[in-house]
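Down below is the structure, laid out as structure tokens.
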Amino acid sequence: MKHFVKVFVIAIVCFSLMLGAAVYTYIKFFNPSEDNYTEVEDPLWSEKVAEEVTEIELSELEKAIEESKVINILIVGLEDKRSDTIMLVSFDRKSGDLNILSIPRDTYFYRSGYENPGDKKINAIYSSVGIKGLMKSVENIMEIPVHNYVTVDYEAVENVVDIIGGVEVDVPFHMEYEDPYDNPPLKIDIPAGTQVLDGEHALQYLRFRHNNDMTTGYKDGDIGRIKAQQEFVKSAIKKSLSFKLPVVVKETYSHIKTDLSLSDMLLLASDAVNFSTDKLETAILPGRAKIMENLSFYLHDPSQVEDYVESIYGLE
């Protein structure tokens with residue numbers, strides 16, 4: 001129940017950190033200097049091998065990836081030792097386009113040596129091999145590089161929402177749910193309609209699964225929930241753009257882990273001042289749900305994933 005509340009912190013991070021991180025990452029990965037990387041000699045590498053590699057003809061997509069200014073950053077919301085919210089943020093420094101791809105937590109990803117059904121879900125990867133392993137897994141699914149990561153928890157949700165004066169959402173139906181056994185006890189009561197949610201009710205909104213009757217809820221289950229989360233993200237970003245980015249960065253930084261320092265974030269947040277929500281697009285990893293080994297999995301569609309990647313790199 002709790003893992004969806006991390007989406008708001010993700011939203012703030014996406015707009016205030018990702019654009020700044022994109023600039024930093026571009027400098028770090030595409031314009032390396034002696035100050036920001038150490039070259040490691042590979043004993044298996046030789047001039048002959050290097051010559052052979054240069055002769056390999058790159059595909060159109062590979063060329064686009066190699067020549068582009070697109071930066072891909074993995075945003076992960078953690079619930080204990082598992083990653084329950086996974087988003088791949090792609091920012092094109094040339095066009096200013098920002099794409100957020102939600103990856104369902106039940107996405108099937110087989111790893112040799114992990115034969116238990118639950119270990120075949122992407123949300124189990126973080127607990128066994130950490131964030132770097134999860135980044136590699138996403139790279140395997142998407143077939144594109146993932147340059148940076150940000151992991152977040154949900155403790156700052158209420159405070160951050162209140163700081164920006166609430167977030168406007170269109171609640172599709174009356175949300176009513178109680179769980180007296182949760183810690184602390186959970187009570188959700190949000191009427192239907194367009195309204196500005198304060199921190200307390202935003203927390204309820206993001207934690208909602210279904211009503212007490214167990215039947216009223218999002219018609220398409222997790223996918224419907226992800227869509228609602230993405231609309232919340234868009235609204236939160238739009239509202240937050242009216243605030244000074246360094247303030248938001250300071251508020252959220254203590255609740256995240258990243259390979260970027262706070263000073264980097266504060267310095268680079270200024271690069272997002274010209275960002276427009278018109279350039280923001282959200283999507284869900286293309287695929288379908290399927291029951292396997294008595295569990296519900298989400299199987300991605302490699303062909304549609306390739307289409308999505310081509311669109312990011314301007315090959316539509």
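The values are calculated or read from the model by the stated rules, or taken from the named source; none is laboratory data. In this text the structure is predicted, and so the values were computed from the model without any measurement. Methodologically, a virtual Cβ is constructed for each residue, glycine included, from the backbone with ideal geometry; neighbour enumeration extends over all protein chains shown.
For Tyr177, are the conditions met, namely being among the aromatic types (Phe, Trp, Tyr), touching a Gly at 6+ places or on another chain (Cβ under 6 Å) and more than 17 Å from Gly77 (Cβ to Cβ)?
No.
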Taking region 242-263 on its own, how many of its residues are farther than 12 Å from Asn159 by Cβ and not in a helix (DSSP H, G or I)? 9
With the requirement that a residue be out of contact with any helix residue (DSSP H, G or I) (no Cβ under 6 Å at 6 or more places or on another chain) and without any contact (Cβ under 8 Å) to a residue 40 or more places away in the chain, what does region 87-113 give you? Lys94, Arg111, Ser112, Gly113
Filtering region 192-211 down to residues that are among the polar types (S, T, N, Q) and in contact with a strand residue (DSSP E or B) (Cβ under 6 Å, 6 or more places away or on another chain) yields Thr194, Gln204, Asn211
Filter result (in contact with a Gly (Cβ under 9 Å, 6 or more places away or on another chain) and either under 14 Å from Val309 (Cα atoms) or buried (at least 19 other Cβ atoms within 10 Å of the Cβ) (or both)) within region 98-120: Pro104, Thr107
Those residues of region 280-316 which are hydrophobic (A, V, I, L, M, F, W, C), within 26 Å of Lys238 (Cβ to Cβ) and not in a strand (DSSP E or B), in sequence order: Leu285, Ile312
Looking only at region 87-114, which residues are of a type outside the set (Asp, Glu), closer than 18 Å to Lys234 by Cβ and part of a loop (DSSP other than H, G, I, E, B)? Gly96
Identify, from the list Asp84, Asp162, Asp170, the residue that is under 22 Å from Ser240 (Cα atoms), assigned to a strand (DSSP E or B) and either in contact with a helix residue (DSSP H, G or I) (Cβ under 8 Å, 6 or more places away or on another chain) or of a type in the set (D, E, K, R) (or both). Asp170
Over region 181-208, the set of residues more than 12 Å from Ala236 (Cα to Cα), part of a loop (DSSP other than H, G, I, E, B), out of contact with any Phe, Trp or Tyr (no Cβ under 8 Å at 6 or more places or on another chain) and at pLDDT 85 or above is Pro191
Positions within region 142-159 being in contact (Cβ under 8 Å) with a residue 60 or more places away in the chain and either among the charged types (D, E, K, R) or out of contact with any helix residue (DSSP H, G or I) (no Cβ under 7 Å at 6 or more places or on another chain) (or both), in sequence order: Glu143, Asp153, Glu155
